[in-house]
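Trainee: Can you read through this structure? Questions will come right after.
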Amino acid sequence: MTDTLHLTPNDVPHAAALLRAGNLVAFATETVYGLGADARNGVAVASIYATKGRPSFNPLIAHVANVAMAQELVQWNDWADALAQAFWPGPLTLVLPLREGHGVSELVTAGLTTLAVRVPAQDTARALLTAVGGPVAAPSANPSGKISPTTADHVTAGLGGKIAAILDDGPCAVGLESTIVGLAGPTPMLLRPGGLAQDKIEQVLGQTLAARDTADPLTAPGQLLSHYAPNAAVRLNATSPVNDEVMLGFGAMSYDLKAGDLNLSPRGDLGEAAANLFGYLHRLDMLGAPIAVAPIPQQGLGVAINDRLHRAAAPR
């Protein structure tokens, strides 16, 4: 049985106690709901992979309460310092070399010598991490490869009965997973587009992020070619639905949407579209029909939205 916890004074300490005892607890961040386990407990981390059906070669993000906690785990550098000052807490994950004596389970890193780490912006999430007193490994709280959860109800639908508790903190404001930047090599590299636009990161660094070769081995979460997928087939760059498709629109449409269709942002706002993406995919997928998706501009947060849509539409 999965307990749904709310924000009473006892719920966050109770959730932290469950995590310290080796249980799995889903909790909200500003990006999506994460499925948390104590990152120092190998048995608990292994249960993340088993519960999600996630391949063990796909590393996890370690969530921490503050910069100081991150610096206990990884080898810090000037790039990390600049980005953390600008964007933490927030939807940015940094991949850095592990520090000696870090104490994190090898299952979190999938055997790599680097660790993905971030400080979430959600107040409740940071309160939970502070109460745990250490890093919490937390991929998205959904069956592996399926649509990411942005509400507690999404978590219940995918993992209800399989985890100890869900800490319900309402819908996620950003709605896309964090942007991941690799800082372990000779130049900063974009490893996954996400809820923080690439150009904002480049402005702080004063240089262009290198692009990851998709043929390279996995170095961070969210790099599988097929991911974030609904049960239904997805067709991209559609100007209108065909046959029995339902439509996921964007901006002003050249035709009237029919009952059941949705528009990510009628006014063409990419931030609004990002926040709605996974929730709307969940709603359309419940209709059981193929999904046609309107073109999304390849700029700003549109880069991350298109990344998720291309993975959702990839062969499975």
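The values are calculated or read from the model by the stated rules, or taken from the named source; none is laboratory data. Keep in mind that this is a model prediction, so the values were computed, not measured. A quick note on method: Cβ atoms are made from the backbone with ideal geometry, for glycine too, and the neighbour counts reach across all protein chains shown. What goes into the accessible areas is simple: the full protein's heavy atoms, side chains included, and nothing from ligands, DNA or RNA. Shrake-Rupley method; radii C 1.70, N 1.55, O 1.52, S 1.80 Å.
Trainee: Could you tell me what % of all Cα pairs in segment 150-241 have separations over 17 Å?
Mentor: Working: 2775 of 4186 pairs.
Cα-Cα pairs in segment 150-241 separated by more than 17 Å: 66 percent.
Trainee: Once both labels are modelled 7 Å past Cα along the beta-carbon direction, what's the residue 1-residue 269 spacing in nm?
Mentor: Each label point is offset 7 Å from its Cα along the Cβ direction, giving 4.2 nm.
Trainee: Pop the C-beta distance of residue 17 and residue 240 into the FRET formula with R0 = 35 Å and round what comes out to the nearest 0.05.
Mentor: E between residue 17 and residue 240, to the nearest 0.05, is 0.10.
Trainee: What distance in nm separates the two pseudo spin-label positions at residue 77 and residue 202, each 7 Å out from Cα along the beta-carbon direction?
Mentor: 2.0 nm
Trainee: Related question: Once whole DSSP H runs in the chain are found, which of them have Cα atoms spread over 15 Å or more along the helix axis and a mean Kyte-Doolittle score of at least 0.0?
Mentor: 42-52, 270-285
Trainee: What does the net charge come to around residue 122 if you take all other residues with beta carbon closer than 14 Å to its beta carbon, with K and R at +1 and D and E at -1?
Mentor: Residues near residue 122 contribute -3 overall.
Trainee: I need the peptides 180-188, 66-74 ranked by packing, meaning the mean over residues of other C-beta atoms within 10 angstrom, with the highest value on top. Write down the numbers at each step before the final one.
Mentor: Working: 180-188: 19.0, 66-74: 17.4.
Packing order, densest peptide first, comes out as 180-188, 66-74.
Trainee: Say R0 is 41 Å: what FRET efficiency, to the nearest 0.05, do residue 57 and residue 255 get from their beta-carbon distance?
Mentor: Working: r = 44 Å, r/R0 = 1.08.
Computed FRET efficiency for residue 57 and residue 255 comes out at 0.40.
Trainee: So what's the back-of-envelope 222 nm ellipticity for the chain, counting only DSSP H runs of four-plus at -39500 (n - 2.57) apiece and dividing by all residues, rounded to 500?
Mentor: That comes out to -8500 deg cm²/dmol.
Trainee: Wrap a convex hull around the Cα atoms of segment 45-135, take a quarter of its surface area, and give that in square nanometres.
Mentor: Directional mean of the projected Cα hull area for segment 45-135 stands at 5.9 nm².
Trainee: How many Å² of accessible area per residue for the chain, probe 1.4 Å? Can you show the working numbers first?
Mentor: Values: 12660 Å² over 316 residues.
Per-residue value: 40 Å².
Trainee: Which value, in debye to the nearest 20, gives the size of the charge dipole of segment 128-208 about its Cα centre, when Lys and Arg are +1 and Asp and Glu are -1 at the Cβ?
Mentor: Charge dipole of segment 128-208: 220 debye, to the nearest 20.
Trainee: May I pose another question? Pairs of Cα atoms under 8 Å, at least six residues apart: use those to get the relative contact order of segment 1-45, whole percent.
Mentor: Numbers: 38 pairs, mean separation 11.5, N = 45.
After rounding, I find 26 percent.
Trainee: Carbon and sulfur: what percent of segment 71-132's accessible surface (1.4 Å probe)?
Mentor: Here it works out to 45 percent.
Trainee: Given the chain, what percent of its DSSP beta bridges are antiparallel, to the nearest 5?
Mentor: Percentage antiparallel, nearest 5: 45.
Trainee: Mind checking Rg over Rh on the chain, alpha carbons, Kirkwood formula for Rh?
Mentor: When Rh is taken as the Kirkwood radius, the ratio is 0.96.
Trainee: If packing is taken as the average number of other Cβ atoms within 10 Å across a peptide's residues, how do 124-134, 147-157 rank, most packed first?
Mentor: 147-157, 124-134
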